[in-house]
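Report on the following structure.
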Amino acid sequence: MSVEAKISVNATSLAERLARPELLSLEPYQSARRIGGEGQIWINANESPFNNSELEGLNRYPECQPPELIQRYADYAGLSSRQVLTSRGADEAIELLIRTFCIPGRDSIACFGPTYGMYAISAQTFNVDVNALRLDAAYQLPQDLPSLVGDAKLVFICNPNNPTGTVIEPDAIEAVIRSLPDTLVVVDEAYIEFSPELSVVKLVERYDNLVVLRTLSKAFALAGARCGFMLANEAIIEMVMRVIAPYPVPLPVAKLAIEALSAEGIERMQTQVDTLKANGERLAAALTAAGARVLPAFGNFVLAYFDQANEAKVGEMQARLKQAGVVARAYKDPALADAIRFSFTSDEQTDALLAQLSQRA
Ligand code: PMP
């Protein structure tokens, strides 16, 4: 390779090499908000001049990436604001990654089941193949991962994993990131506040092929607001910004999210995480006493298998829960046919659940 060719290869970011080629020359939509301007009379966006709400500025389009929200999350995650993108929940971030990097009908993603279903569904809705790999018997990544992953553009690792609640140690994830330098390794940390020591967010500085997904839907108690985050090097964020909608974050959502990420908001979140984890331990113990095989729970939920001989059977347990008005989660995946996932809940509701579980069937 000539020196010039080498330089030009090095000068191209991984994001540019992996992106759908048509995005490289695409000029993102120039919304009125993006173009901006200066003055007192704003008549550039076909907005209404009337604000009929108490929320200041609701008659105006919001910023594509509200700077205060981005800065708050960057501070919370220990990154620079250029490494943060906000989206309508982590679900939209999953979709954006697939749309940015996968060519429909040609590319594929890989994930490790049983895991969160939206990686596969999002890919399928864009005609992107899914290499549906499995975690091993200990809920760890398979040994020969690089060869199994093949030429997948994106590899999704959910940590802590939904629905098993199990975890993969950061060292093992770093080994995967190193072994797949030309693949984006997407670590979904939707539940990381329940096991913060397991985050790989610090590695974003070091590896250009790492993307971390986060959300305010779980520990921050804002599932209804739809606010998630993508954390990655600047080149990846810049590429995804070519695909994102002009106004993905509604103004009221940005306000709520900014409050949630204040010092008080973060402290309240941590207190609630402690409460939920304590209730989770009580629930796991009660499920074990009721005959279930319970997996170690690192998120805000526990997966209980009702598959032990002469003990509570899953059908019986489902019937009991239904009768008691408890809506827990069952699965179609054959590997989870005997399992029920229970989200951790308040003191009161946990007491009620424990009372139910202690009754003999
Ligand atoms: N990732 C995982 C692992 C999840 O469990 C969920 C929601 N159940 C999401 C992402 C989506 O989160 P959001 O509400 O931010 O779209």
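The values are calculated or read from the model by the stated rules, or taken from the named source; none is laboratory data. Fair warning: this is a prediction, and the values are worked out from it, not measured in the lab. In this analysis, Cβ positions are derived from the backbone assuming ideal geometry, glycine residues included, and neighbour counts consider all displayed protein chains. The accessibility values were calculated without ligands, DNA or RNA, using every heavy atom of the protein model including side chains. Shrake-Rupley method; radii C 1.70, N 1.55, O 1.52, S 1.80 Å.
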Tensor-based shape of the chain (alpha-carbon gyration tensor, a/c under 1.5 rounded, otherwise prolate or oblate): oblate
Backbone N under 18 Å from the residue 22 label point (7 Å along Cα→Cβ), restricted to the stretch 242-269: 242-246
Whole-number accessible area per residue in Å² for the stretch 145-285, which is evaluated in the context of all protein chains at 1.4 Å: 37
Using θ = phi - 60° and Karplus 6.51 cos²θ - 1.76 cosθ + 1.60, couplings along the stretch 239-248 (whole Hz; Gly, Pro as x): 5, 5, 5, 6, 9, 5, 5, x, 9, x
Relative contact order (%) - criterion: Cα under 8 Å, at least six apart; region: the stretch 14-261: 25
Assigned charges on the beta-carbon of Lys, Arg, Asp, Glu; the chain dipole about Cα centre (debye): 700
Mean separation of Cα contacts under 8 Å (6+ apart) over length of the stretch 265-357, as relative contact order %: 31
Spatial extent of the stretch 320-361: Rg and Dmax, with the Cα atoms as the point set, Å: 11.6, 33
Gyration tensor (alpha-carbon) shape descriptor, the stretch 166-270, a/c threshold 1.5: oblate
Potential extension, residue 351-residue 331 segment - 0.36 nm per residue separation minus Cα distance: 4.7 nm
In degrees, nearest ten, helix 170-179 long axis to first principal axis of the chain (Cα): 50
Signed unit charges on C-beta, dipole axis of the stretch 256-361, positive-most listed residue 343, 317, 273: 317
Protection proxy ranking, peptides 48-58, 167-177, 320-330, 224-234, average beta carbon neighbours within 10 Å, highest first: 224-234, 167-177, 320-330, 48-58
Computed helical MRE - 222 nm, the chain, DSSP H runs ≥ 4 contributing -39500 (n - 2.57), nearest 500: -11000 deg cm²/dmol
Rounded to the nearest 20 debye, dipole of the stretch 7-93 from Cβ charges on Lys, Arg, Asp, Glu: 260
C-alpha long axis of helix 347-358 to longest principal axis of the chain, angle in °: 40
Reachable lysines from residue 322, criterion Cα separation under 16 angstrom, eight or more residues apart if same chain: 313
Descending Cα extents along the principal axes, the stretch 265-357, whole Å: 44, 26, 20
Packing rank of 261-274, 101-114, where each peptide gets the mean count of other beta carbons within 10 Å, highest leading: 101-114, 261-274
Estimated FRET transfer efficiency when R0 is 22 angstrom, pair residue 241-residue 61 (beta carbons, to 0.05): 0.85
Pair residue 221, residue 169: separation of 7 Å Cα→Cβ label points (nm): 3.5
Sites residue 308 and residue 277 - FRET efficiency at Förster radius 22 Å, r taken between beta-carbons, to 0.05: 0.30
DSSP-defined antiparallel bridges as percent of all bridges, the stretch 14-261, nearest 5: 30
Selection from 191, 87, 130 lying farthest towards where the dipole of the chain points positive, charges on Cβ: 130
The chain: angle of helix 67-77 to the longest principal axis, Cα-based, in degrees nearest 10: 50
FRET E, pair residue 12, residue 140, Förster distance 30 Å, beta-carbon r, rounded to 0.05: 0.30
